[in-house]
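Take a look at the structure set out below.
The values are calculated or read from the model by the stated rules, or taken from the named source; none is laboratory data. This structure is a prediction, so every number in the text was calculated from the model and none was measured. Because the Cβ atoms are built from the backbone with ideal geometry, glycine has one as well, and the counts that use them run over all protein chains shown.
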Amino acid sequence: MRLTQYVKEIQVPLFVFIVFLLTTIIFGQTIFFKYVYDDFSFLVGNRAVRGGVTNPVDFFQYPRLAWVGSNLHVYRPLSALFYSIEFKWFAFDPAYYHLVSIIIHAINTLLASCLLYLLLRNKVIAIISSLLFLVHPVNVEAIAWISQQGTLLASTFLFLSLILLVLYHEYGLKWFLRLSLLFALVIPFIKEQLIVTPFLILGIMIFLKFPWQRNIKISIVYFVTMAPYLFMRHFVGVPLDQSGGWFDNKKEAVLTMIHGLAYYIRLIFAPHPLTVNYEWFKVEKFISTTVLLSVASIIFCIFVAIYFYKKAPGVTLGIYWFFAGLIPVNNVVTPIYTFINERFLYISSLGMIFAMICLGYYYLKKIPIGQFKKHLIGSAIFFVLFLILSHMTYLRLPNWKDQKSLWASTFRVDYYNLRNFTNYARALEMEENYMESFVLLRQAQNITGLPRGNYIDLYAQIIGSTLRFNDTRRARIYLTIGRSRYPESVTLKMLEAKYYFSVGNYKKTEEISKSITDKFDLVKAQKEPAFYDAPLYYLIAKKMQGDTVGAKKLIDQAGEEFLQQRLDHITGARVFMLQGRYDEALALLYPVLHEKEISWMEPYIWLADLYKKQGNNVQALATYQVALYKSPTNPDAVLGFERVMRDLNKDKVK
């Protein structure tokens, strides 16, 4: 009875205590970490997750409820449901979400040890493999990033499904198989990458030497469990092909991913440097050192797997597990928006670790020395590996402490990457380190070889940052440069209008915003939100000049009476704010924004600022959340949210 042997041999209560103790010691620091990166899209700015959905079925029907962003590329209804349950308990305190991630990772380690023991009946290999999986630095991204709880939770269900299959093989009870199939059905609805469960099942059945007829039947049933997810994903309109522009053709994708697979192998054996942004090695030529070395490393792994198929089958299974886990993210079968991510290795890393431990165990047994010396050598190697990996993980974790730490570490790894420049600068801005942010953005201008649009975005970020911190002199300089280089850019033109607005030149604001408003195009407005801002600033500029009659005519042209009233109140409230009449501004703005949601984002920032001026941090927080829902990465929304959270935490401490 394998399960009974596992409990006895591994001394489960003691092992559980050790695993949770080690997990707490190494990953405990994450409970002090903040929200970073996609956390604002999946959780903080996601109204559905924060209680906007009363019927869980909605998460399955409407994919946008799981993610707030312009690209519809994820379908994870059960992840969104899990976040919504957590939010009811933890609200906006990131410490509790991190605590949940720590607990799930510890559980996954225990389940991994159970699975490996049931497969090999070797407690040494099971314990060592699972403990190295526990502390491997390549798994930090999945554990320290709240947005990746889905990876952890889906892995839990994966381990349970595999364990139940092995128990079915051992005991022959059909309810084990049925429960395993149920878990396999659920897994991709949590995290799409783990739709590979049937491939892992197939590998385990071959390893356990299932009779071929039964092997084929059961494999077919497991592969059928992929169908509901694929059908639902297609039904709700989330494409499988997510090619987002990082490669130009299939050849480029294949060559790059050959290098990518080799790089994944390298990360298991030499996990340094680690970063959240791998964008520096697109491969275009077949005859190159990069491709040849990558092909050689992949072929070598396959050769090792074949060679040890009979001698040490655990090696073969582990290598197969490693590659099978990466099938959905290989960008060849199903292109995705990225090509290297450490989180993709969370499941695959266990396979390669298991393979190497089986290999080491095989050769250690062959050394012609006494049993005691073998134990001594094996223990020494394990402890050295464990300490090295634990130390690397402990050093990697602080990089996920907050936005600034995350992008600073990424920036150090790849200095010549515009995305790293701009994200690090934005993170500094969120910390209100304006001058550091400005210097970085200015340096980014020296990066060459970027698409034209990226430079427009760069200038927009520089100008937006200078205006946000009232540095109108620098804003004027970069507006002059940006507008001279890209005179047709609506984004830069609107920023120029906002510049004149900030210095009190309402006449110029009116002229520029009118020129944008006159060219309003709904299709273009989807790509350039500046089109939406122009009418507001046009009206506010007119009112600030005392041209109430002209403003009234414009408002009357809006058509619907309801829309006319909104425009009048919103622009009037902004005028009151500029005049320092905050109570009157709040009285105008509150009813309009609470009666029915509007498409403009800035008025919500204004309302939140008004609440903050009154000391009403709770209402300010709620309003910043609406702004984050509309634009999760908007600096004003994120900065306002962070400020209010700091104030609320100070009040809590008091």
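Results for (1) more than 20 Å from Met601 (Cβ to Cβ); (2) at pLDDT 75 or above, shown as yes or no for each residue.
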{"site": "Lys498", "(1), (2)": "no, yes"}
{"site": "Glu510", "(1), (2)": "yes, yes"}
{"site": "Ser515", "(1), (2)": "yes, yes"}
{"site": "Asp521", "(1), (2)": "no, no"}
{"site": "Lys542", "(1), (2)": "yes, yes"}
{"site": "Gly550", "(1), (2)": "yes, no"}
{"site": "Leu554", "(1), (2)": "yes, no"}
Would you check which residues across segment 352-381 are more than 44 Å from the chain's Cα centre (by Cα) and either of a type in the set (Lys, Arg) or in a helix (DSSP H, G or I) (or both) and list them? Lys366, Gln371, Phe372, Lys373
From the set of residues in segment 267-322 that are within 23 Å of the chain's Cα centre (by Cα) and among the hydroxyl-bearing types (Ser, Thr, Tyr), which is modelled with the lowest pLDDT? Tyr278
Residue satisfying all of: in segment 587-618; among the small types (Gly, Ala, Ser) and part of a helix (DSSP H, G or I); farthest from Ile540 (Cα to Cα) among these: Ala608
Can you name the helices (runs of 4 or more DSSP H) wholly within segment 76-140 that have at least 1 residues being under 18 Å from the mean Cα position of the chain (by Cα) and buried (at least 22 other Cβ atoms within 10 Å of the Cβ)? 77-90, 94-120
Which residue pairs have Cβ atoms closer than 8 Å, lie 6 or more positions apart in sequence or on different chains, and pair a first residue in segment 88-106 that is farther than 16 Å from Leu152 by Cβ with a second residue that is among the β-branched types (Val, Ile, Thr) and surrounded by 21 or more Cβ atoms within 10 Å (Cβ to Cβ)? Phe92/Val44
For residues in segment 487-515 being in a loop (DSSP other than H, G, I, E, B) and either farther than 15 Å from Ala530 by Cα or small (Gly, Ala, Ser) (or both), which is nearest to the chain's Cα centre (by Cα)? Ser489
Could you give me the residue pairs with C-beta distances under 6 Å whose first residue belongs to segment 491-520 and is on the phi > 0 side of the Ramachandran plot, whose second residue is surrounded by fewer than 22 Cβ atoms within 10 Å (Cβ to Cβ) and part of a loop (DSSP other than H, G, I, E, B) wherever it lies, and which are 6+ apart or on separate chains? none
Subset of segment 213-249 (residues that are farther than 26 Å from Arg178 by Cα, at pLDDT below 80 and surrounded by fewer than 13 Cβ atoms within 10 Å (Cβ to Cβ)): Asp241, Gly244, Gly245, Asp248, Asn249
Residue count for segment 1-45, restricted to those that are polar (S, T, N, Q) and either modelled with pLDDT of 90 or more or more than 28 Å from Leu110 (Cα to Cα) (or both): 5
Identify all residues within segment 327-355 that are surrounded by fewer than 20 Cβ atoms within 10 Å (Cβ to Cβ) and at pLDDT 90 or above; write none if there are none. none
Can you tell me which residue among Phe199, Phe210, Phe157 is buried (at least 17 other Cβ atoms within 10 Å of the Cβ), aromatic (Phe, Trp, Tyr) and not in a helix (DSSP H, G or I)? Phe210
Could you say whether any residue in segment 169-192 is outside any helix (DSSP H, G or I), surrounded by fewer than 20 Cβ atoms within 10 Å (Cβ to Cβ) and among the small types (Gly, Ala, Ser)? yes
Between a residue in segment 38-57 that is of a type in the set (A, V, I, L, M, F, W, C) and buried (at least 19 other Cβ atoms within 10 Å of the Cβ) and any residue that is modelled with pLDDT under 80 and in a loop (DSSP other than H, G, I, E, B), which pairs come within a Cβ distance under 7 Å, given they are 6 or more apart or on different chains? Phe40/Pro632; Phe40/Thr633; Phe42/Trp67
Is there a residue being modelled with pLDDT of 95 or more, among the aromatic types (Phe, Trp, Tyr) and out of contact with any Cys (no Cβ under 7 Å at 6 or more places or on another chain) anywhere in segment 386-395? yes
So which of Ala66, Ala126, Ala48 ends up being of a type in the set (A, V, I, L, M, F, W, C), modelled with pLDDT under 95 and over 30 Å from Leu648 (Cα atoms)? Ala126
Somewhere in segment 619-639, is a residue among the hydrophobic types (A, V, I, L, M, F, W, C), surrounded by 15 or more Cβ atoms within 10 Å (Cβ to Cβ), outside any helix (DSSP H, G or I) and modelled with pLDDT under 85? no
Failed item in (1) within 24 Å of the chain's Cα centre (by Cα); (2) part of a helix (DSSP H, G or I), with Leu240 passing the rest: (2)
Options Leu14, Leu22: the member that is more than 22 Å from the chain's Cα centre (by Cα) and free of Cβ contacts under 8 Å to residues at least 40 places away in the same chain: Leu14
Enumerate the pairs (first residue in segment 223-238 and without any contact (Cβ under 8 Å) to a residue 60 or more places away in the chain and among the aromatic types (Phe, Trp, Tyr); second residue anywhere and assigned to a loop (DSSP other than H, G, I, E, B) and surrounded by 18 or more Cβ atoms within 10 Å (Cβ to Cβ)) with beta-carbon separation below 6 Å, excluding pairs fewer than 6 apart on the same chain, so at least 6 apart or on different chains. none
Of the numbered conditions (1) in a helix (DSSP H, G or I); (2) surrounded by fewer than 22 Cβ atoms within 10 Å (Cβ to Cβ), Tyr416 fails exactly one; give the number of that condition. (1)
Within segment 33-44, does at least one residue satisfy the condition of being of a type in the set (S, T, N, Q) and closer than 27 Å to Met645 by Cα? yes
Kindly indicate which of Leu458, Leu479 is at pLDDT below 85, within 25 Å of Phe421 (Cα to Cα) and crowded, with 19+ Cβ neighbours inside 10 Å. Leu458
Condition set in contact (Cβ under 8 Å) with a residue 40 or more places away in the chain and either over 19 Å from Ile357 (Cβ atoms) or among the basic types (Lys, Arg) (or both), scope segment 283-320, selection surrounded by the most Cβ atoms within 10 Å (Cβ to Cβ): answer is Ile298
